[in-house]
1. Looking at region 11-31 only, could you name the residues that are open to solvent by less than 30 Å² (accessible area, probe 1.4 Å) and either within 12 Å of the ligand (Cβ to nearest atom) or not in a loop (DSSP other than H, G, I, E, B) (or both)?
2. Can you pull out the residues in region 95-112 that are touching a residue at least 40 places away in the same chain (Cβ under 8 Å), more than 9 Å from the ligand (Cβ to nearest atom) and open to solvent by less than 30 Å² (accessible area, probe 1.4 Å)?
3. From the list Gly88, Gly42, Gly80, which residue is within 16 Å of the ligand (Cβ to nearest atom), on the phi > 0 side of the Ramachandran plot and either β-branched (Val, Ile, Thr) or open to solvent by less than 70 Å² (accessible area, probe 1.4 Å) (or both)?
4. Tell me, which strands (runs of 3 or more DSSP E) wholly within region 77-163 include 1 or more residues that are over 25 Å from Glu187 (Cα atoms)?
5. Out of Asp196, Asp162, Asp206, I need the residue that is over 26 Å from Trp101 (Cα atoms), open to solvent by 70 Å² or more (accessible area, probe 1.4 Å) and of a type in the set (Asp, Glu). Which one?
6. Hey, does region 55-69 have a residue that's touching a residue at least 40 places away in the same chain (Cβ under 8 Å) and part of a helix (DSSP H, G or I)?
7. Those residues that are of a type in the set (A, V, I, L, M), within 16 Å of the ligand (Cβ to nearest atom) and open to solvent by 20 Å² or more (accessible area, probe 1.4 Å), I need them from region 1-10; list them, please.
8. For Pro53, indicate whether it is away from the ligand (no atom under 15 Å from the Cβ), more than 18 Å from the chain's Cα centre (by Cα) and loosely packed, with under 14 Cβ neighbours inside 10 Å.
Amino acid sequence: RLRVAVLASGRGSNLQALIAARDAGGLPVDFVAVGSDKKDAGALQLAKDAGIPTFTLNPKDFATRRDFDVELFRQLDATGAQMLVLAGFMRIIDGEALAPWVGRMINIHPSLLPKYRGLHTHRRALEAGDAEHGASVHYVTAELDGGPVIAQARIVIQPGDDEAQLAQRLLGFEHQLLPAVLTLMAEQRLTLIAPDRVAFNGKAIDAPLQ
Ligand code: GAR
């Protein structure tokens with residue numbers, strides 16, 4: 001089984017969806033650690049409740065971003081993780097520090113990338129008058145929210161949607177999307193074959209899986 005570590009900064013509903021998928025038997029992975037930059041992250045409590053080892057690093061204890069990230073990856077290496085999942089990890093990661101993990105680290109982002117990298121994605125989709133919105137799972141590279149997209153979930157923006165409603169409705173789709181992609185990873189059906197190119201079942205894909 002694939003050994004997976006998860007990084008999360010917040011409430012952890014995506015982590016919970018991953019744990020639920022594993023418990024249901026459909027996701028053949030072992031969660032070896034959950035790490036956070038926030039000691040009060042809900043994700044840490046969820047992990048503890050599920051018997052998954054946790055660790056927290058406080059950014060204030062490090063002089064530079066790179067120092068933090070070097071220690072982060074040192075701890076992750078020590079867990080024996082083969083794959084890293086960012087599930088609501090709200091920090092930029094230093095490109096040089098993450099380089100050894102390129103191809104083995106994925107992130108879920110609440111927009112139809114390449115649209116709306118960064119923060120406030122729901123608000124920006126509404127303000128742009130978009131007809132649809134979505135979430136993307138992508139390989140993490142040095143470029144913020146810029147790595148090749150593996151799969152997306154799309155939803156229609158309804159008249160009257162506000163930021164909170166849109167975020168909430170999308171979250172339900174995120175909870176399907178992330179376990180689905182991690183399952184494909186565990187089945188070794190996904191590979192990063194070039195800096196900007198994903199292969200599914202050994203064949204390069206021209207567009208994200210839907
Ligand atoms: C999710 O919506 C995730 O897509 C987003 O944070 C939320 C975490 O929720 N991630 C990002 O914005 C990454 N830039 P959760 O803690 O309940 O899983």
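The values are calculated or read from the model by the stated rules, or taken from the named source; none is laboratory data. Only a predicted model underlies this, so the values are computations on that prediction, with no experimental measurement involved. Heads up, the Cβs are rebuilt from the backbone with ideal geometry, glycines too, and the neighbour counts pull from every protein chain shown. All accessible areas refer to the heavy atoms of the entire protein, side chains included, with ligands and DNA or RNA removed. Shrake-Rupley method; radii C 1.70, N 1.55, O 1.52, S 1.80 Å.
1. Taking region 11-31 first, the residues open to solvent by less than 30 Å² (accessible area, probe 1.4 Å) are 12-15, 17-19, 21, 27, 29, 31.
Correct list: Gly12, Ser13, Asn14, Leu15, Ala17, Leu18, Ile19, Ala21, Val29, Phe31.
2. Correct list: Gly95, Leu98, Gly103, Ile106, Leu112.
3. Numbers: Gly42 fails: on the phi > 0 side of the Ramachandran plot; Gly80 fails: within 16 Å of the ligand (Cβ to nearest atom).
Unique residue meeting the criteria: Gly88.
4. On the way: elements: 83-86, 105-109, 132-139, 149-156.
Output list reads 132-139, 149-156.
5. Numbers: Asp196 fails: over 26 Å from Trp101 (Cα atoms); Asp206 fails: over 26 Å from Trp101 (Cα atoms).
Every option except Asp162 fails the conditions.
6. Within region 55-69, the subset touching a residue at least 40 places away in the same chain (Cβ under 8 Å) is none.
No - not one qualifying residue is present in region 55-69.
7. Within region 1-10, the first condition is being of a type in the set (A, V, I, L, M), and the residues that meet it are 2, 4-8.
Filter again for within 16 Å of the ligand (Cβ to nearest atom), leaving 4-8.
Of everything in region 1-10, nothing turns out to be of a type in the set (A, V, I, L, M), within 16 Å of the ligand (Cβ to nearest atom) and open to solvent by 20 Å² or more (accessible area, probe 1.4 Å).
8. Values: away from the ligand (no atom under 15 Å from the Cβ): yes; more than 18 Å from the chain's Cα centre (by Cα): yes; loosely packed, with under 14 Cβ neighbours inside 10 Å: yes.
Taking the combined requirement at face value, the residue satisfies it.
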